[in-house]
Each structure stands twice: as C-alpha cells, then as structure tokens.
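Just below is one structure, and these are the notes that go with it.
Computed from the coordinates by the stated procedures, all read-outs in this text should not be read as laboratory data. Source: prediction; values computed, not measured.
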Amino acid sequence: MGDYFGCCCGAYIYAGVDLSRRLYGLRAWLWQRLSAVFLALCLLVFLLYMSFNSPSSYQQWLDWVSNPVVNVIAVLFFFALILHAWIGLRDVVIDYVHSDAMRLGVLSLIGLFLLANLAWVARVLFRVMV
C-alpha cells in the first residue's frame, strides 16, 4: 500500500489519482435501493402494458417507442440501470480487489464499458425519436 494524502473534502489522492468515493456508505446504499425500485417498477409497467396492449406490427412498436413519454422513461430506465450496475460493481471491486493499481484499472474498464453502453442506448433511442 502506498501513501495516501487526504484533502479537506474527504477525498484521497494516491499517486496523483483521486480515489474519492462520492457515493459511499449510506448514500450508495440508498441510490442502489432507489434505482432497484425504479427498475422494478418500470419492468412491471412494461410487462403489464405488453400483456394487455402489445404491438402487433413493427410500425405499432415504433410508434409506441417513439412516444416522448415512453422515450423519456426509457432514458431514465437505462440511466438508472447504469447507475445501479456502477454502484454494485464498484463496491464488489473495492471489497475484493486489494491492489490499488489493479482496482483503478478494473474500475476504469468497468466505467468505460458502462459509458459505452449508455452511449449506445442513447444512440438507439435518438434514432427512434427522429
């Protein structure tokens, strides 16, 4: 383990890298639970809607997905999914990867992967809207 240098805001600097955890402890736990509830509610509403009013053609599906309300909810759903995944994976990595350099590398790869997925979802949803 190397030397940690604290700063006034509670962040820690290790070899020039900010290792602060903006979502930690109770705050991370709360965001994890709130995002899980939101994801579960969205999935439940989606399944109920599809059970009683499923689109029978591609055009009906496209019309439903291009509805601004559905599109905004889809954006919020995928943002909550990415946030939920980040908090969960970050906590697992922090708990089980003990080397600081390895932890930084793994968290960077996970972050890039999640951001790439978010960009892909945004691209898909934007194409549907236009």
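Remarks
- Per-selection Kirkwood Rh - the range 25-129 (Cα, Å, 1 d.p.): 15.7 Å
- Length added when fully stretched, Ser51-Leu115, from 0.36 nm per residue minus Cα-Cα: 19.8 nm
- Mean-position separation - Cα centroids, the range 98-112 and the range 115-130, in angstrom: 26 Å
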